[in-house]
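> This structure is in structure tokens; I'll ask about it shortly.
The values are calculated or read from the model by the stated rules, or taken from the named source; none is laboratory data. Worth saying up front: this structure is predicted, and the values here are computed from it rather than measured. When we count neighbours, we look across all protein chains shown, and the Cβ atoms used for this are built from the backbone with ideal geometry, even at glycine. When the accessible area is computed, the model is the full protein with side chains, heavy atoms only, and any ligands, DNA or RNA have been set aside. Shrake-Rupley method; radii C 1.70, N 1.55, O 1.52, S 1.80 Å.
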Amino acid sequence: MDDLAWKPITELSRLVAAKEVSPVEVVQAYLDRIDALDGKLKAFIIVCRDEALAAAKNAEAAVMGGQALGPLHGIPIGVKDLYATKGIRTTGGSKILADWVPDEDATVVARLKEAGAIVLGKLNMHEFAYGPEGLNIHFGNAWNPWDAHTQRMPGGSSSGSGVAVAAGLCAGALGSDTGGSIRIPAALCGLTGLKPTYGRASRAGVLPLAWSMDHVGPMTRTAADAAFLLGPMAGYDPKDPTTSVLPVPDYRAALTGEVKGLRVGLLRAFFLESAGMVLRQAVEQAVKRLEEQGARVEEVALESAAHVSGASFAIVSAEALAYHEEWMKTRPDDYGAEVRDRLRLGAFVSATQYVKAQRARQLIRNEVDALLASHDVLIAPATPIVAPPVGQTEVVVEGERHDVRSSLIRLTRPFNLSGHPACAVPCGFTVAGLPIGMQIIGRPFDEATVLRVADAYQRITDWHTRRPPFGQAPAPP
């Protein structure tokens, strides 16, 4: 039964449809692992045991009754706890919403359920998604499963999503990404994490951090699984006026395994140059593997990357405070001190600074578009560092000291500002066994090509198949 928890969504879907395994068996396998491991991992805030088993029994009846099945029929997923779930508490990882029970599901949750997915529970996160470390003073810090002895940061803000998928506690999960909050935990936990184009998937029913930079997307073990989840999630939603009316392609059909002739731009300045040597070499080796498959690679530069930090700070700080303003006046002590202090910084962003940041943002978007006019995808490290221990605030990269928080978001947030699709995939491990991730960036609404490259890379490598040591039986002598 435990082996079911490690099967990819693509395989689980086939097994359920072929009546080779019951949705009840699959759900129970994950619940057993949650019972055994989550007391320490702290991936879940809420486990929906009864609801998940009831949904699994209904899914089993549908299979046995010969009913039409959705692509995710009987597939157990976890949902970051800022997605509204009907009748199930949604906290945003905070005391502020500790007792909020929504009346309806977020649009993408409803769409995944319609496709047959079963929600196992609500996943831990940095409070109100405001932090790349993935720590939570209210519900406990999730434990990165790649180090069984030292508690390392899982990355945030979608920390529980990264831990749950990496540790085999769910088949896939939903995360959100404002400055890298899908791709950072994907990189630190050895997963595939996709931030779709801004407007590709609805954010209706998802608690905001910064309206103009928030993205929602899937976190899975493989690119093929990400394609499975993105299909039902994507598309126009009248509840979210920022969603695009462009048709949704068949992402699964795009996974041909072919990259011959594909034009790849390798981002060295600011990106590769920021990463530690081992990470830099891993990304360069990954690009070389794609080149061996027929891709055409050349180095490119994103000159406007120097403006990303200031622009991102002004936009996120101002928009975050706008959402939290009333609670900050009436319930400031219910926030964790670190998040409360970050929210207060938004009061120091002037209207002029906000407008200048939005203008800089357009320059960044234009330059990324220009690079992608002559390249099919861009590739860069997802993070310049691997998972640091919880509590560490500084890290040394190539002899220079850097702040952990700014390091984690340095390479991901340019593409939140630009809105382009970006997918993090594992591309190696350190000698200490910690995952290394790279990100693949594509043209607006061309997630199909991004996923095709990610899938092609995973067909010729095995990084995505490795299992973390936490919860594994020790190897025989």
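> Assess whether Glu291 counts as being assigned to a helix (DSSP H, G or I), free of Cβ contacts under 8 Å to residues at least 60 places away in the same chain and loosely packed, with under 14 Cβ neighbours inside 10 Å.
Spelling it out, it is not the case that Glu291 is assigned to a helix (DSSP H, G or I), free of Cβ contacts under 8 Å to residues at least 60 places away in the same chain and loosely packed, with under 14 Cβ neighbours inside 10 Å.
> If you go through region 303-323 one residue at a time, do you hit one that is farther than 30 Å from Leu207 by Cα and not in a helix (DSSP H, G or I)?
No, region 303-323 contains no residue that is farther than 30 Å from Leu207 by Cα and not in a helix (DSSP H, G or I).
> Right, here's the next one. With respect to Ser181, is the statement that it is of a type in the set (Ser, Thr, Tyr), out of contact with any strand residue (DSSP E or B) (no Cβ under 7 Å at 6 or more places or on another chain) and closer than 26 Å to Glu104 by Cα true?
When the stated conditions are applied, Ser181 does not pass them.
> Further, regarding this structure: Please state which one of Ile379, Ile364 is of a type in the set (A, V, I, L, M, F, W, C), within 30 Å of Glu291 (Cβ to Cβ) and not in a strand (DSSP E or B).
Ile364
> Now for a separate question. Looking for whichever is open to solvent by less than 20 Å² (accessible area, probe 1.4 Å) and not in a loop (DSSP other than H, G, I, E, B) here; the options are Val259, Val264, Val278. Which one fits?
The match here is Val264.
> Further question on the same structure: Quickly run through region 324-352 and pick out the residues that are open to solvent by less than 40 Å² (accessible area, probe 1.4 Å) and in a loop (DSSP other than H, G, I, E, B).
Listed by number, the residues that qualify are Tyr335, Gly336, Val349.
> One residue is enough: does region 110-123 have a residue meeting the conditions in contact (Cβ under 8 Å) with a residue 24 or more places away in the chain, within 30 Å of Ala68 (Cβ to Cβ) and among the acidic types (Asp, Glu)?
Within region 110-123, one or more residues are in contact (Cβ under 8 Å) with a residue 24 or more places away in the chain, within 30 Å of Ala68 (Cβ to Cβ) and among the acidic types (Asp, Glu).
> Which residues, taken from region 440-472, are hydroxyl-bearing (Ser, Thr, Tyr) and surrounded by fewer than 24 Cβ atoms within 10 Å (Cβ to Cβ)?
Scanning region 440-472 gives Thr449, Thr461, Thr465.
> Scan region 70-101 residue by residue and report those that are touching a helix residue (DSSP H, G or I) at 6+ places or on another chain (Cβ under 6 Å) and open to solvent by 60 Å² or more (accessible area, probe 1.4 Å).
Across region 70-101, the qualifying residue is only Lys95.
> In region 403-429, what residues are open to solvent by less than 10 Å² (accessible area, probe 1.4 Å), of a type in the set (A, V, I, L, M, F, W, C) and more than 20 Å from Pro218 (Cβ to Cβ)?
Answer for region 403-429, where residues must be open to solvent by less than 10 Å² (accessible area, probe 1.4 Å), of a type in the set (A, V, I, L, M, F, W, C) and more than 20 Å from Pro218 (Cβ to Cβ): Val404, Leu408, Leu411, Leu417.
> Condition first: over 12 Å from Thr197 (Cβ atoms) and touching a helix residue (DSSP H, G or I) at 6+ places or on another chain (Cβ under 7 Å). Now tell me which residues in region 430-452 satisfy that.
If the condition is that a residue be over 12 Å from Thr197 (Cβ atoms) and touching a helix residue (DSSP H, G or I) at 6+ places or on another chain (Cβ under 7 Å), then Thr430, Pro435, Ile436, Gly437, Met438, Gln439, Ile440, Leu451 are the ones that fit.
> With the condition being open to solvent by 10 Å² or more (accessible area, probe 1.4 Å), I'd like the helices (runs of 4 or more DSSP H) fully within region 105-191 carrying at least 1 qualifying residues.
Answer list for region 105-191: 107-114.
> Would region 439-459 turn up any residue that is part of a loop (DSSP other than H, G, I, E, B), basic (Lys, Arg) and in contact (Cβ under 8 Å) with a residue 40 or more places away in the chain?
Checked region 439-459: at least one residue is part of a loop (DSSP other than H, G, I, E, B), basic (Lys, Arg) and in contact (Cβ under 8 Å) with a residue 40 or more places away in the chain.
> A follow-up question, please. For region 28-42, indicate whether the set of residues that are assigned to a helix (DSSP H, G or I), among the basic types (Lys, Arg), open to solvent by 70 Å² or more (accessible area, probe 1.4 Å) and more than 23 Å from Gly175 (Cα to Cα) is non-empty.
Checked against the condition, which is being assigned to a helix (DSSP H, G or I), among the basic types (Lys, Arg), open to solvent by 70 Å² or more (accessible area, probe 1.4 Å) and more than 23 Å from Gly175 (Cα to Cα), region 28-42 yields no hits at all.
> Now a separate question. Just checking, which of Val278, Val308 is in contact with a helix residue (DSSP H, G or I) (Cβ under 9 Å, 6 or more places away or on another chain), within 22 Å of Thr412 (Cα to Cα) and not hydroxyl-bearing (Ser, Thr, Tyr)?
Val308
> Out of the residues in region 460-471 meeting the condition of being in contact (Cβ under 8 Å) with a residue 60 or more places away in the chain and in a loop (DSSP other than H, G, I, E, B), tell me which one is farthest from Ser374 (Cα to Cα).
Residue satisfying both the conditions and the ranking: Gly471.
> Could you please tell me which pairs satisfy a Cβ distance under 6 Å, a separation of 6+ or placement on different chains, a first residue in region 391-402 that is open to solvent by 70 Å² or more (accessible area, probe 1.4 Å) and outside any strand (DSSP E or B), and a second residue that is at pLDDT 95 or above and among the β-branched types (Val, Ile, Thr)?
Cβ pairs passing all conditions: Thr393/Val404.
> Give me a count of the residues in region 224-256 that are among the small types (Gly, Ala, Ser) and part of a loop (DSSP other than H, G, I, E, B).
4
> Output the residue which, of all residues in region 192-242 that are of a type in the set (Gly, Ala, Ser) and under 16 Å from Glu319 (Cβ atoms), is surrounded by the fewest Cβ atoms within 10 Å (Cβ to Cβ).
Top of the filtered list is Ser212.
> Same structure, new question: When residues of region 403-420 are filtered for being of a type outside the set (Val, Ile, Thr), under 14 Å from Ala186 (Cβ atoms) and not in a helix (DSSP H, G or I), how many remain?
Residues in region 403-420 being of a type outside the set (Val, Ile, Thr), under 14 Å from Ala186 (Cβ atoms) and not in a helix (DSSP H, G or I): 1 in total.
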